[in-house]
1. Please state which one of LEU223, LEU265, LEU236 is within 30 Å of VAL20 (Cβ to Cβ), outside any loop (DSSP other than H, G, I, E, B) and touching a residue at least 12 places away in the same chain (Cβ under 8 Å).
2. Do you know which residues across segment 18-41 are of a type in the set (A, V, I, L, M, F, W, C) and either closer than 12 Å to THR58 by Cα or surrounded by fewer than 16 Cβ atoms within 10 Å (Cβ to Cβ) (or both)?
3. May I ask you to say which residue of ARG188, ARG153 is modelled with pLDDT of 95 or more and either more than 24 Å from GLN277 (Cβ to Cβ) or not assigned by TED's automatic domain parsing to the domain that holds TYR26 (or both)?
4. Among the residues of segment 155-164, is there at least one that is closer than 15 Å to ARG16 by Cβ and either basic (Lys, Arg) or in a loop (DSSP other than H, G, I, E, B) (or both)?
5. Within the set of pairs 6 or more residues apart or between chains, which connect a residue that is free of Cβ contacts under 8 Å to residues at least 40 places away in the same chain inside segment 91-102 to a residue that is buried (at least 17 other Cβ atoms within 10 Å of the Cβ) and part of a helix (DSSP H, G or I) with Cβ atoms less than 6 Å apart?
6. Taking segment 237-285 as the search range and keeping residues that are under 30 Å from LEU24 (Cβ atoms) and of a type in the set (Ser, Thr, Tyr), which one is surrounded by the fewest Cβ atoms within 10 Å (Cβ to Cβ)?
7. Can you pull out the strands (runs of 3 or more DSSP E) entirely within segment 22-106 that have at least 1 residues that are within 18 Å of LYS124 (Cα to Cα)?
8. Could you list, in sequence order, the residues of segment 193-217 that are within 17 Å of LEU265 (Cβ to Cβ) and exposed (fewer than 12 other Cβ atoms within 10 Å of the Cβ)?
Amino acid sequence: MEFIIISGLSGAGKSRAADVLEDLDYYCVDNMPIALIPKFAQICLAAGERYEKVALVTDIRERANFEELFEVLDGLWSLGCDYRILFIEADTASIVKRYKETRRPHPLAGSGISVEEAIENEKKLLTPVRERADYVINTGNFTLSMLQREVFRLIVGDDCKRKLVVNVISFGYKHGIPLESDLVFDVRFLPNPFYVAELRELNGLDEPVSRFVLQNGVTREFLDMLREMLKFLLPLYEEEGKMSLTVSIGCTGGHHRSVAIARELTNYIERLDYPAQNINRDIMK
């Protein structure tokens, strides 16, 4: 079993780092009491493969002697658990700016103590943890995507790249646009199989309907442009750090045109070597 201990300065981005690890299939727990870590490790071990990768966030709110933390972590070895420490920090000015933006109090700030003084005190308190850290990330000038790439590089490695997952959803406008949509395309301009008697009771997964939609000259031209757009966009979304993308294709009822287009688009995305799944939300409505 692998443990990643995330520690560092308040406001530096520990929770963001945990979010990245969660996307990498780590089971993440925020601010777990140090004394409970051994029991938690035993529970994870008893659960088998369900908790093979775990990330725990510890910070100054625990207010424990960090020697106790090191003793507990060293005790993980006897349980057969590996652990690494990821320390997240940032320059004082960046953290002060973040606290001003969020308007949240620093955990060490109090009467007569400014945020800047609290940050400097926290740096001193956390020095032993920083010195023991396997990885140190300074997020002072980082965007979220930069933090994501750096955590990924350190924890997973440069040779392993997680692919952007693309969900292609067909839907009917009369049932509403899917809330999770990133890109939405309206195909109601295409000829509607609903008005062809022998096709009305079928759907876009049926060969006659699929052929009717996809062999139309306007459809072919539209799909050519849409394929080129996605071929251009998907690597850029992946580089930006996006882990999943939802492309929604809508027609009137979500039975015919959108279903046929969504399936064709899913097959194309898979040929581009991206994991893709097709969801026909309204096909049975």
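The values are calculated or read from the model by the stated rules, or taken from the named source; none is laboratory data. Quantities reported herein were computed from a predicted structural model and do not represent experimental measurements. As a convention, Cβ positions derive from the backbone with ideal geometry for all residues, glycine included, and neighbour counts pool all protein chains shown.
1. Exactly one of LEU223, LEU265, LEU236 is within 30 Å of VAL20 (Cβ to Cβ), outside any loop (DSSP other than H, G, I, E, B) and touching a residue at least 12 places away in the same chain (Cβ under 8 Å), namely LEU265.
2. Hits for segment 18-41 are ALA18, CYS28, VAL29, MET32, ILE34, ALA35, LEU36, ILE37.
3. Numbers: ARG153 fails: modelled with pLDDT of 95 or more.
Checking each option against the conditions leaves just ARG188.
4. Within segment 155-164, not a single residue is closer than 15 Å to ARG16 by Cβ and either basic (Lys, Arg) or in a loop (DSSP other than H, G, I, E, B) (or both).
5. Listed by first residue and then by second, the contacts come to THR92/ILE119; VAL96/VAL115.
6. Only one residue tops the list, namely SER244.
7. Numbers: elements: 27-30, 53-57, 82-89.
Passing ranges, in order: 82-89.
8. Passing the criteria: only GLN215.
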